[in-house]
1. How many nm separate the modelled label positions at Arg127 and Arg67, each set 7 Å beyond the Cα in the direction of the Cβ?
2. If I fit a long axis through the Cα atoms of helix 41-59 and take the longest principal axis of the Cα atoms of the chain, what angle between them do I get, 0 to 90°, rounded to 10?
3. Using only the Cα atoms, work out Rg/Rh for region 42-111, with Rh taken as the Kirkwood radius, to two decimals.
4. HN-Hα J couplings of region 191-199 from phi, Karplus 6.51/-1.76/1.60, θ = phi - 60°, integer Hz, Gly and Pro as x?
5. Return the label of the correct value of Cα extents along the principal axes in Å, as calculated from the structure shown, out of (1) 88, 51, 35; (2) 59, 54, 37; (3) 53, 45, 39.
6. Can you pull the one-decimal nm distance between simple spin-label points at Thr56 and Val13, each 7 Å off the Cα toward Cβ?
7. Using alpha carbons only, how many degrees (0 to 90, rounded to 10) separate the axis of helix 217-260 from the longest principal axis of the chain?
8. For region 125-165, take the alpha-carbon Rg, divide it by the Kirkwood Rh, and send me Rg/Rh.
Amino acid sequence: MLRYFPPAKGAYVHNNRDYLIAGFTFLCVAICLISDASASLEKQNALGVCGWIFLTGLLLGENKDVRVQVAIAVIFATIGEHFASPFMGGYTYRFQNVPAYVPPGHGMVYLTAVSLARSGLFLNYARGIATAVVLVCGGWSLWGISGYAEQGDSVGALLFCVFLVYLFRGRSPLVYLAAFFITTWLELIGTAVGTWKWAAIDPVLGWQQGNPPSGVAAWYCLVDAVAMGGAAPVLNRLKNAREYFTSGKSAESVYEGAANE
């Protein structure tokens, strides 16, 4: 069950950049969501511009593989946001839209999960962190279906089970583990200040749903899985396309040279 977890006693190096990315994103999430709670649409759009600037800056120090992963995460998550919110009504933003800062925000959230997953802290203490997350999220899920919660959360309990599958069966458990922290942070802040609100009844299952659902990290794990799984095929296609056009230009040059002779 822990076969994809790193060895318990390894000499893992701490990279300050990983912690800087995480700390910066946690701070930006809090400032952005609290600011948007009472912001105009124009200010919301300005937050979006800032988000793209910040994401671009953070990606300057990353390799091509991570950049492609982030791009896939942004595209997939943005499509999912439009489907789940304005179309399905699973949750609703203040202006019944998808705020301009959400796409770059998803990129920063994904990059934070990757950064924490490769950090010395998570590599050294993966098992302990996983235990704490399972206990906390599990307790939260049990509370949601106990009958004592203000708003029932059967959907959250289901999502918690899905999260466990990602965590213990997925090939990148530390990314999913890190995703729990940043996504729980943003969901608790966003719903607390009223930036968005989850529907009390899930529009697909018809089950009670918390605000936010306790296992909401599972949705973000899906984005992470698509990003990590899709990067290699995209990079291969780009490589093949580059080689195709390069070889075409080379052949054209040879032909022109022969014609001139």
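1. 3.9
2. Between helix and principal axis, roughly 60 degrees.
3. Using only Cα positions, Rg/Rh for region 42-111 is 1.01.
4. Computed from phi, the couplings for region 191-199 are 6, 5, 8, x, 5, 8, 9, 7, 5 Hz.
5. The value computed from this structure is option (1).
6. 3.0
7. With rounding to tens, the tilt is 10 degrees.
8. 1.05
Taken together, the values in this text are just the output of simple stated rules run on the coordinates, not laboratory data. Keep in mind it's a predicted model, so treat the numbers as computed, not measured. Cβ sites come from the backbone with ideal geometry, for glycine too, and all protein chains shown count toward neighbours.
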